[in-house]
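Report on one structure; see the data block that follows.
The values are calculated or read from the model by the stated rules, or taken from the named source; none is laboratory data. Source: prediction; values computed, not measured. Note: ideal-geometry Cβ built from the backbone for every residue, glycine included; neighbour counts use all protein chains shown.
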Ligand SMILES: Cc1cc2nc3c(=O)[nH]c(=O)nc-3n(C[C@H](O)[C@H](O)[C@H](O)COP(=O)(O)OP(=O)(O)OC[C@H]3O[C@@H](n4cnc5c(N)ncnc54)[C@H](O)[C@@H]3O)c2cc1C
């Protein structure tokens, strides 16, 4: 019997997970992984500043028969089911999994192209080599804070330029405020305002200038969807449009992770989260779909990060302002336990728990996972409080 040719494009977390799942779960598959970058753990790039090696060991893939090639995919021929790459030429596929990720977007202001991103190992290596003194970081996301901490660790002076509040889409407003306070105590400077333009010596914010030797943009990402677009695959905004199993408008092609959309597990609506956890779940779903299963795991918006060793930030699902935008009537329960401040967000009419965000000085252990499970199975606030020993 001919092996099933599965070609995975992109060797980030999604592509590596897809190749590993394919070789494990589809015994007659011949799996190729094609990526144009070193293979490493993207969310750990800040450790490069400390000289740590963040490479991902891929020996388990190779010893199980995955062929890994450093190459760049340039064109998909859907009629003949081949992928054209720069070095290896045409590669036939029975199934193609696109895991090409995304790139930092440039701020849409005059001079926006002057900003660097904070996504690749090279972005940290650049800071190490160039040692710019003052660094302006545009954005208030988790990634912006990773960039700020990296600068601080290197003895540089980071200024985070915030238009609204920290980690707005995932944290309750009071937690954004508290997080900013704690980060300020560690020497991170914040400038509140809107970027008007970028110049060689820093950005113009509202009517003032923030002097900087380097500006980093962490305002969002642009999916690497060009080859999919050229092949005529349907898009959702700039992302490759997929169903809940990761299947594109061509049933032989899947797209996973940052290049594609995902689905909100609470509303079931099409959405985009840009998380490594989502990329890995989507990898599993797509391989399962190739195997013939109709099932798909849900892709939750769950993030946990730690800054300066003792600022733990965790978020799951909706904040109350985001829940309102999504059509819920949110209410919140604040819980303070030891050094932890947490908010559980629930839908007032139904009591259903739809979000959680927390700030603490220590790791939360199993608690986040318990809350995550609670949210995914649609539990009510009374049940959650009872399970936490807090009554209704
Ligand atoms: C600083 C930082 C911290 C983060 N922290 C977290 C966290 O705590 N938790 C979390 O869940 N997520 C986190 N994320 C987000 C997470 O890293 C991304 O969601 C995840 O990397 C997406 O994986 P991916 O495989 O879809 O894409 P990517 O990791 O972007 O990988 C895509 C790969 O495909 C390659 N590629 C693109 N086009 C081609 C082509 N034509 N041919 C060949 N190769 C190609 C790219 O060069 C890249 O190597 C963080 C991100 C950053 C930057």
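So is residue 196 in a loop (DSSP other than H, G, I, E, B) and either in contact (Cβ under 8 Å) with a residue 12 or more places away in the chain or buried (at least 16 other Cβ atoms within 10 Å of the Cβ) (or both) or not?
When the stated conditions are applied, residue 196 does not pass them.
Please give the number of the condition residue 378 fails out of (1) at positive phi; (2) in a strand (DSSP E or B).
Every listed condition holds for residue 378 apart from (2).
Could you tell me whether residue 8 is surrounded by fewer than 23 Cβ atoms within 10 Å (Cβ to Cβ) and either touching a strand residue (DSSP E or B) at 6+ places or on another chain (Cβ under 7 Å) or in a helix (DSSP H, G or I) (or both)?
Considered against the rule, which asks whether it is surrounded by fewer than 23 Cβ atoms within 10 Å (Cβ to Cβ) and either touching a strand residue (DSSP E or B) at 6+ places or on another chain (Cβ under 7 Å) or in a helix (DSSP H, G or I) (or both), residue 8 comes out as no.
State all residues of region 274-312 that are near the ligand (Cβ under 8 Å from one of its atoms) and assigned to a loop (DSSP other than H, G, I, E, B); if no residue qualifies, say none.
Hits for region 274-312 are 274, 275.
What single numbered condition from (1) free of Cβ contacts under 8 Å to residues at least 40 places away in the same chain; (2) touching a helix residue (DSSP H, G or I) at 6+ places or on another chain (Cβ under 6 Å); (3) under 19 Å from residue 389 (Cβ atoms) fails to hold for residue 330?
Failing condition for residue 330: (3).
Name the single residue that is farthest from residue 358 (Cα to Cα) among those in region 180-193 being in contact with a strand residue (DSSP E or B) (Cβ under 8 Å, 6 or more places away or on another chain) and part of a loop (DSSP other than H, G, I, E, B).
Per the criteria, the residue is 193.
Show me the strands (runs of 3 or more DSSP E) found entirely inside region 54-135 where at least 1 residues are out of contact with any helix residue (DSSP H, G or I) (no Cβ under 6 Å at 6 or more places or on another chain) and farther than 30 Å from residue 273 by Cβ.
67-70, 73-77, 82-85, 89-92
Conditions (1) at pLDDT below 95; (2) assigned by TED's automatic domain parsing to the domain that holds residue 233; (3) under 30 Å from residue 144 (Cβ atoms); (4) more than 12 Å from the ligand (Cβ to nearest atom), marked per residue:
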{"site": "10", "(1), (2), (3), (4)": "no, yes, yes, no"}
{"site": "14", "(1), (2), (3), (4)": "no, yes, yes, no"}
{"site": "17", "(1), (2), (3), (4)": "no, yes, yes, no"}
{"site": "27", "(1), (2), (3), (4)": "yes, yes, no, yes"}
{"site": "30", "(1), (2), (3), (4)": "no, yes, no, yes"}
{"site": "42", "(1), (2), (3), (4)": "no, yes, yes, no"}
{"site": "56", "(1), (2), (3), (4)": "no, yes, yes, no"}
{"site": "80", "(1), (2), (3), (4)": "no, yes, no, yes"}
{"site": "93", "(1), (2), (3), (4)": "no, yes, no, yes"}
